[in-house]
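Trainee: Next up is a structure, given as structure tokens.
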Amino acid sequence: MSPTDIFGCLSKIPLLLNAESRSISAENPMGEKGGGAREAPGPDNPGSEMGKGWKIRPCITLGKGTTVTLADIKGPGVIQHIWVTVKDTAYRNCILRFFWDNEETPSVEVPVGDFFCNGHGLRCKVNSLPIVVNPTGGFNCYFPMPFRSRAVITVENQHWEDIGGFYYQVNYALMDIPENAASFHAQWRRSMTSRNCPEHVILDGVKGRGHYVGTYLAWTQLSDGWWGEGEVKFFIDGDEEHPTICGTGTEDYFGGAWCFGETYSTPFLGYPLWQKEPGQVPKHGMYRWHIPDPIRFAKDLRATIQALGWWPNRKYQPLTDDITSTAYWYQTEPHAPFPEMPPVQERWPR
């Protein structure tokens, strides 16, 4: 038994590490030691009568068409927790990007809402281990994100107006990183499946060594009846026609059964959103974290999901549905370039 195993699942909490805690927010935008709460209030600031050191600059405004650097950190270190809240206008109109170790292309490129498992431009509560969304729209991410020389986090506002009230906090530790620690990645995709090809590609073109740790889907159902008969498939290290890992159905992959029946949110799997408003198409949100069971690859990885329902004769019906996905994985750098992010009007929910 390892010395740390005697403490169980919280084994590392008692251990003293050679690390320094830091935090970036609008009140300490550079994460400097002793650098928080330095803003001096102007006459119109709510804290003008209290003076410097109180709640003077808790948030920022994202100017239309601008990219704001939320964090620029010199490593080595690891990002441990990210908290964000903003009005839902930003959920599909603003893009988060994370860059590790001076790479030119981002390792994370996802609309703000989808990164935190709130697709469709809608809020819903998520009670999982790495992603938590609390009332009302409190976005939290606990995926550890190691970096060796530098970490940069940006947000781009592609909305046609300024977006005020963007609150954020990035907690991290400055510390040495093990040689075998891989870099965190997340990628967003959207497709309209067709009767000729009722398949959505969750992830493709990944090159290198790593492991896949999560899937989030925001599924817009465009047909009546059951929509989730399709299987999730993982093509690993040269698989072509046939995958190494093949599920048995959409609700099965997300830990449910028999057409879901109701929403749920658990540490590793969830179906937190089912919405069917009068005059609107049904919308579904689902997540699956491969934390106890990461999908490991040595050379390459591809993941897909089918969109299948039923014909009246009990044969599979290929569906035309609107599916967006966020894939989460760790891998060695450098990574292959991502597909081009669709323009803002092609990301808007139905």
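Trainee: List the chymotrypsin sites (Phe, Trp or Tyr not before Pro) within region 6-91 that fall in a DSSP loop (any state other than H, G, I, E or B) and whose Cβ has at most 16 other Cβ atoms within 10 Å.
Mentor: Working: sites: Phe7, Trp54, Trp83, Tyr91; in loops: Trp54.
Qualifying residues, ordered by number: Trp54.
Trainee: Tell me the relative contact order for the chain as a rounded percent, counting alpha carbon contacts under 8 Å between residues six or more apart. Numbers along the way, then the final one.
Mentor: Working: 869 pairs, mean separation 72.8, N = 350.
Contact order relative to length: 21 percent.
Trainee: Return the loop-located chymotrypsin sites (Phe, Trp or Tyr not before Pro) in region 139-180 (DSSP other than H, G, I, E, B) with at most 11 other Cβ atoms within 10 Å of their own Cβ; answer none if there are none.
Mentor: Details: sites: Phe139, Tyr142, Phe147, Trp160, Phe166, Tyr167, Tyr168, Tyr172; in loops: Tyr142, Trp160.
Listed in order of number, the matching sites are Trp160.
Trainee: Another question, then. Add -39500 (n - 2.57) for each DSSP H run of 4 or more in the chain, then divide by its residues: what number comes out at 222 nm, to the nearest 500 deg cm²/dmol?
Mentor: Working: 3 runs with 12 residues, N = 350.
-500 deg cm²/dmol, from helical runs alone.
Trainee: With springs connecting C-alpha atoms under 10 Å apart, model the chain as a Gaussian network and identify which of Asn313, Asn157, Asn102 has the largest mean-square fluctuation.
Mentor: Most flexible of the set in this elastic network: Asn313.
Trainee: Moving on. Quick one: net charge of Thr248's neighbours, Cβ under 12 Å, K/R +1, D/E -1? Mind showing how you got there, number by number?
Mentor: Details: positive: Lys233; negative: Glu229, Glu231, Glu251, Asp252.
The answer is -3.
Trainee: Could you identify which residue out of Thr220, Thr85, Thr105 has the top mean-square fluctuation in a GNM of the chain using Cα springs shorter than 10 Å?
Mentor: Comparing Thr220, Thr85, Thr105 in a Gaussian network model of the chain, the most mobile one is Thr105.
Trainee: A further question on this structure: Please identify the GluC sites (Glu not before Pro) of region 19-48 that satisfy two criteria: DSSP loop assignment and at most 15 other Cβ atoms within 10 Å. Which are they?
Mentor: Values: sites: Glu20, Glu27, Glu32, Glu39; in loops: Glu27, Glu32, Glu39.
Sites meeting the loop and neighbour criteria: Glu32.
Trainee: While we're here: Once you keep just the Cα pairs under 8 angstrom separated by 6 or more residues, what percentage relative contact order results for region 247-300?
Mentor: Relative contact order, region 247-300: 26 percent.
Trainee: When a/c is below 1.5 the answer is rounded, else prolate if a/b is larger than b/c, else oblate, so apply that to region 274-350 with a ≥ b ≥ c taken from the square roots of the Cα gyration tensor eigenvalues.
Mentor: prolate
Trainee: Something else: Could you calculate, for region 43-91, the ratio of the Cα radius of gyration to the Kirkwood radius, expressed as Rg to Rh? Let's see the in-between values first.
Mentor: Values: Rg = 15.1 Å, Rh = 14.4 Å.
Taking Rg over the Kirkwood Rh, I get 1.05.
Trainee: Additional query: For the peptides 112-122, 183-193, 230-240, what is the packing order when you average, over each peptide's residues, the other Cβ atoms within 10 Å and list the highest mean first? Don't jump to the answer; show the numbers that get you there.
Mentor: On the way: 112-122: 24.9, 183-193: 21.4, 230-240: 17.2.
Ranked by mean Cβ neighbours within 10 Å, highest first: 112-122, 183-193, 230-240.
Trainee: Another question about this same structure. Using Cα-Cα distances under 8 Å and only pairs 6 or more residues apart, what relative contact order does region 253-350 have, in percent? Don't skip to the answer; put the middle values down first.
Mentor: Numbers: 68 pairs, mean separation 14.4, N = 98.
Reported relative contact order: 15 percent.
Trainee: Taking the Cα atoms of region 183-337, report the difference between the largest and smallest coordinate on each principal axis, in whole Å and largest first.
Mentor: 47, 33, 25
Trainee: Here is a further query. Put +1 on the Cβ of each Lys and Arg and -1 on the Cβ of each Asp and Glu in region 183-337; which of Pro278, Trp226, Phe184 then has its Cα farthest toward the positive end of the dipole?
Mentor: Among Pro278, Trp226, Phe184, the one farthest towards the positive end of the dipole of region 183-337 is Phe184.
Trainee: In nm, what is the difference between 0.36 nm times the number of residues separating Ile245 and Leu16 and their Cα-Cα distance?
Mentor: On the way: separation 229, 0.36 × 229 = 82.44 nm, distance 3.97 nm.
78.5 nm is the gain from fully extending Ile245 to Leu16.
Trainee: Set the Förster distance to 41 Å, then compute FRET efficiency between Ala336 and Lys276 from the Cβ-Cβ distance, nearest 0.05. Mind dumping the intermediate values first?
Mentor: Numbers: r = 38 Å, r/R0 = 0.93.
Taking R0 as 41 Å, the efficiency between Ala336 and Lys276 is 0.60.
Trainee: Where nothing but the Cβ of Lys and Arg (+1) and of Asp and Glu (-1) is charged, how large is the charge dipole of the chain around its Cα centre, in debye to the nearest 20? Present the calculation step by step, with values, prior to reporting the outcome.
Mentor: On the way: 32 positive and 39 negative charges, 101 e Å.
Around 480 debye, computed over the chain.
The numbers here are math on the coordinates, done by the rules we state, and not lab data. Worth saying up front: this structure is predicted, and the values here are computed from it rather than measured. Reconstructed Cβ throughout: ideal geometry from the backbone, glycine too, with neighbour counts over all protein chains shown.
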